[in-house]
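Heads up: the structure comes next, in structure tokens.
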Amino acid sequence: MKLALLGILLAVTALFRFGVEGSPTVRLAEPVLALGFLLLFSYLVGKWVLRYRLPMITGYLLAGILVGPEFLNLLSAEATDKLHLIDQLALGIIALTAGGELRLAALKAQAKSLGYLVLMQVVVVFAAVGLGFALLLSLLPVQPEQSLAVTAITVLFLVGTAVANSPATAIAVITETSAAGPVSDRVIGVTVIKDVVVLTLFTLIMAVGETVLTSNSAGVWHDFLHLFWSIFGSFLFGGVAGAAIVLYMRWIGEDLPIFVLGATFAITVVSGWLNLEFIMACVAAGFVVENFSPFGDRLILSIERSSLPIYIVFFSIAGASLNLGVLRSVWPLTLLLVSLRLAGTWLGSRWGTALAGDEPAVQRFVWTGFVGQAGVTLGMALLIGRAFAESFGNFLQALIISGIVINQLIGPVIFRIGLEKAGEIGRKDHRAKVEL
């Protein structure tokens, strides 16, 4: 039955996309038609992959890839670009959820474990990817224009982006599977903390690269100031936004899902105006509501009850935006990058949890939550491509994006398996009694 519905949806959409191609009315309505089609088609694919014990978000990704420009082209690149704001809105709501899952008491109790996990993952992934590619590049014939500085900066950018994870992917899998427990808690805490660490590392590497390759020392101070503003300004603005959400919930409190949607949209837009990181701002807002008001459970439950279309939109558009042609052009190096990153993630997680004295389930399975990569890493890849287009930028952008393609496809599957083996799937039921 689901396959029949999928076929009907594909046929109707193909009729609109190609049968009346060139019609001004269809061109104008294409983003709306694309959004409606994505919601229905991706939902059906997500339900279909469940029978194979795969996460629904893997189905959403596969649906986006299938109908995107790379395959059936039912969703054009232009339509995908026009859905970018909706994609950002979905990511903002996911980030708000992540902030709401960061409970201050739990963070204090887990501080040792989180600290060791973040430290060892950063160090080991940095070493694994850095040494692997440094050795590879040293064995290749040196081009006349390729200096040692260029090689070093190239490797630094690779390791800087390899450390990054995807909080959105982790939150989506945890929400979908109703998972709860020490593995889920560690994954949420570490992925959010590492976002700050990764952005800091990336800004430092970018500053060094611009100084070494362009001799622009003035740009270093600009990068540091921008780093300070983007991180601390985002948390400050997010805290203010969180306080505003608390006031609304205290004094009005009606139509909460609609209000959360509007508040997230406002945070996203204003963050863009102020050159802030809207993901961090949304995390900070959720953190304030959870830890400085009695409304944390109510906020998260309202988001979770309407989370299905949010995750469908975000991961379907992510799938449609994946450039598989890039993967074909650099696949041997991509496999090396993904393999080194996986090995470093596993080893760093094992060492970190062992040093912290975590329970066996955390030591064995927490690494599975750190495989996926998405928005932050993609944004860094695009920045590298633009900033160093005349040297290694385009090549490095292609390599990093191709790694994201694989990591985002295998990440949710690996994490779901880890949660299942840790016995955490279906354990999250404490919020069900909260009244909206």
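Some observations on this one:
- Residues of region 288-333 satisfying the condition of being more than 19 Å from the chain's Cα centre (by Cα) and hydroxyl-bearing (S, T, Y): S293, S302, S306, S329
- Looking across region 281-323 at every residue that is hydroxyl-bearing (S, T, Y) and in contact with a Gly (Cβ under 8 Å, 6 or more places away or on another chain), the one that is surrounded by the most Cβ atoms within 10 Å (Cβ to Cβ) is identified as S316.
- Among the residues of region 227-243, those identified as buried (at least 16 other Cβ atoms within 10 Å of the Cβ) and over 10 Å from A284 (Cα atoms) are L227, S230, I231, G233.
- Among residues of region 350-384 being under 17 Å from V159 (Cα atoms), among the hydrophobic types (A, V, I, L, M, F, W, C) and assigned to a helix (DSSP H, G or I), the one that is modelled with the highest pLDDT is F370.
- Residue satisfying condition, being assigned to a helix (DSSP H, G or I) and without any contact (Cβ under 8 Å) to a residue 40 or more places away in the chain, within set R328, R341: R328
- Test: residue in region 171-190 that is surrounded by fewer than 20 Cβ atoms within 10 Å (Cβ to Cβ), outside any helix (DSSP H, G or I) and not small (G, A, S): no
- Checked across region 339-349, the condition of being at pLDDT 80 or above, more than 18 Å from the chain's Cα centre (by Cα) and either surrounded by fewer than 17 Cβ atoms within 10 Å (Cβ to Cβ) or of a type in the set (V, I, T) (or both) holds for at least one residue.
- Test: I205 is closer than 15 Å to I94 by Cα, modelled with pLDDT under 85 and in a helix (DSSP H, G or I): no
- All of G272, G262 fail the test of being loosely packed, with under 15 Cβ neighbours inside 10 Å, under 19 Å from the mean Cα position of the chain (by Cα) and not acidic (D, E), apart from G272.
- Within the set I425, I404, I414, the sole residue that is touching a residue at least 60 places away in the same chain (Cβ under 8 Å), within 19 Å of the chain's Cα centre (by Cα) and either in a helix (DSSP H, G or I) or crowded, with 18+ Cβ neighbours inside 10 Å (or both) turns out to be I404.
Listed here are the residues, each with its yes/no results for (1) assigned to a helix (DSSP H, G or I); (2) closer than 30 Å to A285 by Cα; (3) of a type in the set (K, R); (4) at pLDDT below 75.
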residue: A14; (1), (2), (3), (4): yes, no, no, yes
residue: F18; (1), (2), (3), (4): yes, no, no, yes
residue: F37; (1), (2), (3), (4): yes, no, no, no
residue: L44; (1), (2), (3), (4): yes, no, no, no
residue: L62; (1), (2), (3), (4): yes, no, no, no
residue: Q88; (1), (2), (3), (4): yes, yes, no, no
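- The numbered conditions (1) surrounded by 23 or more Cβ atoms within 10 Å (Cβ to Cβ); (2) modelled with pLDDT under 90 are all true for V326 except (1).
- Here A356 meets the list (1) in contact (Cβ under 8 Å) with a residue 60 or more places away in the chain; (2) crowded, with 24+ Cβ neighbours inside 10 Å almost entirely, failing just condition (2).
- Considered as a group, the residues in region 276-307 that are outside any helix (DSSP H, G or I) and either touching a Ser or Thr at 6+ places or on another chain (Cβ under 7 Å) or closer than 14 Å to L261 by Cα (or both) include one that is modelled with the highest pLDDT, and that residue is L276.
- Options A106, A164, A127, A168; residue that is at pLDDT below 90, surrounded by fewer than 24 Cβ atoms within 10 Å (Cβ to Cβ) and either over 21 Å from the mean Cα position of the chain (by Cα) or at negative phi (or both): A106
The values are calculated or read from the model by the stated rules, or taken from the named source; none is laboratory data. Predicted, not measured: the structure shown is a model, and the values here were computed from it. Backbone-built Cβ (ideal geometry, glycine too); neighbour counts: all protein chains shown.
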